[in-house]
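What follows is a single structure, written as structure tokens, with notes after it.
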Amino acid sequence: MEWEGAVSGSDMEVPIPLPLASESQQPYVSELLSFTLDRLHKEPELLRVDAERIRRQMQEVAVGNYRSFIAAADALLAIRHEVSSIDNHLESMYFPKWLQCWASFR
């Protein structure tokens, strides 16, 4: 374990641990600590290659599902329009009646 510093006591020093990673990153940090020096030197390039592979996969998914994304967006617009239309219709039906009731109540 790495230490950031130490707190001096009367006759013993208490080390302060260096925070290596958040809880979600801990498995990766543990894996890194098990690597050889040669393997650690290769890690940045391996991460770059992996990131590029993931980027390509995401692009393929986006292109492959383009029509689905457009259809979903169109459906959302249609639903928004219908809900707005229903809302306007309900307001026109009930609001004048409510005003009449309110006026007669006063």
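Observations on the structure shown:
- Stretchable slack from Lys42 to Gln57, in nm (0.36 nm times residue separation minus alpha-carbon distance): 3.1 nm
- Gain in span if fully extended, Ala71 to Ser24, counting 0.36 nm per residue against the direct Cα distance: 13.3 nm
- In order along the range 38-55, the Karplus-derived 3J(HN,Hα) couplings, from 6.51 cos²θ - 1.76 cosθ + 1.60 at θ = phi - 60°, round to 4, 5, 5, 5, 7, 4, x, 5, 5, 5, 4, 5, 5, 4, 5, 4, 5, 4 Hz, and Gly and Pro are given as x.
- For the range 21-91, the square roots of the Cα gyration tensor eigenvalues, ordered a ≥ b ≥ c, give a/c of at least 1.5 with a/b no greater than b/c, which places it in the oblate category.
Values quoted throughout were computed directly from the atomic coordinates according to the rules given, and no laboratory measurement underlies them. Please read all numbers here as calculations on a predicted model, not as lab measurements.
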